[in-house]
């Protein structure tokens with residue numbers, strides 16, 4: 001197996017190959033052992049400075065990256081754009097060049113504009129990790145989701161995964177589709193047609209508008225929240241109606257003639273896309289996803305830092 005990634009940055013799942021993903025997973029397996037030890041730190045990135053550059057609000061992803069960086073002994077800088085010169089009109093390149101002048105090795109970046117990390121990777125010499133660009137990609141979320149399926153079911157290949165909810169505005173959905181398809185899973189998307197992109201079937205997925213049919217088909221249901229902050233028009237009559245048609249309840253899970261695995265990338269809108277009793281049931285691996293997020297991000301940081309000239 002390869003022991004090096006084929007890429008210098010992690011900009012999207014689309015840029016990776018299957019060997020890259022398998023290398024990230026095997027590295028994450030090792031780091032999972034580390035984070036379950038009494039002493040959870042390793043000196044792997046002791047001479048590396050990482051800046052977390054977030055132009056969009058984030059709590060879970062930023063904390064997960066920060067924890068991963070600190071577990072690897074990196075020096076960590078946190079930069080939030082809303083409290084910075086960006087709000088005074090400074091450009092993205094100016095901001096990053098100022099940070100680079102501080103001799104930063106790696107940049108973990110979340111940005112509301114599609115392609116911002118790709119743009120940056122062409123203009124600065126740091127290693128770039130995309131922590132979410134607009135409604136485009138969120139590669140580390142897709143990696144931790146697939147890693148969690150592998151951990152729970154033993155393999156991703158051949159598994160049937162349905163992604164339910166706001167597919168149109170979700171960077172998690174797109175990255176998940178790329179990652180799951182590359183690993184040999186069958187993928188279906190489910191939701192109101194107004195929230196499903198027109199050409200989604202060109203990515204090799206099928207569309208189902210009936211939640212119960214989708215649940216009967218799948219091994220894994222990944223429930224997405226409604227991205228109200230990215231919606232500029234009304235895509236369905238009300239959250240109550242959405243919840244009645246597409247909300248995952250314990251009752252719906254119990255009515256199936258088989259066990260399925262329930263996932264959610266968070267944050268959860270309890271009572272909208274999933275009820276509390278479904279989110280906290282034995283079907284759910286939502287908390288495993290959180291733990292695996294740290295191990296996957298440690299693996300990505302470690303492997304990319306090894307690419308540093």
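Every read-out reported here was derived from the displayed coordinates using simple, explicitly stated rules and does not represent laboratory data. Bear in mind that the values here come from a model prediction, so they are computed numbers and not experimental data. Using ideal geometry, Cβ is built from the backbone for each residue, glycine included, and neighbour counts are taken over all protein chains shown.
Here are the numbers for the structure shown:
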{"item": "Sorted by Cβ density within 10 Å, fewest first, the residues 166, 15", "result": "15, 166"}
{"item": "Separation in nanometres of the label points that stand 7 Å from Cα toward Cβ, at residue 59 and residue 239", "result": "1.5 nm"}
{"item": "Bridge type composition, the chain - antiparallel percent by DSSP, nearest 5", "result": "5 percent"}
{"item": "FRET efficiency, 1/(1 + (r/R0)^6) with R0 22 Å, evaluated for residue 123 and residue 8 via beta carbons", "result": "0.95"}
{"item": "Proxy reagent accessibility, fewest Cβ within 10 Å first, across 162, 294, 7", "result": "7, 294, 162"}
{"item": "Stretch gain in nm, segment residue 29-residue 47, where the contour uses 0.36 nm per residue and the Cα spacing is subtracted", "result": "4.1 nm"}
{"item": "Alpha carbon centroid spacing (whole Å) that separates the stretch 147-206 from the stretch 8-60", "result": "22 Å"}
{"item": "Relative contact order (%) - the stretch 139-285, alpha-carbon pairs under 8 angstrom, separation at least six", "result": "24 percent"}
{"item": "FRET E, pair residue 270, residue 153, Förster distance 41 Å, beta-carbon r, rounded to 0.05", "result": "0.95"}
{"item": "Expected 222 nm ellipticity per residue - DSSP helices of 4 or more, -39500 (n - 2.57), all of the chain, to 500", "result": "-11500 deg cm²/dmol"}
{"item": "Exposure proxy order (Cβ contacts within 10 Å, fewest to most) of 161, 207", "result": "207, 161"}
{"item": "Length added when fully stretched, residue 97-residue 203, from 0.36 nm per residue minus Cα-Cα", "result": "34.5 nm"}
{"item": "Using a Förster distance of 51 Å, the FRET efficiency for residue 282-residue 75 (Cβ separation, nearest 0.05)", "result": "0.80"}
{"item": "Cα-based equivalent ellipsoid, the stretch 139-285: semi-axes from gyration tensor eigenvalues, Å", "result": "21, 19, 14"}
{"item": "Residue-span extension gain [residue 18 to residue 255] - 0.36 nm each, minus C-alpha spacing", "result": "81.7 nm"}
{"item": "More than 30 Å apart - percent of Cα-Cα pairs taken over the chain", "result": "32 percent"}
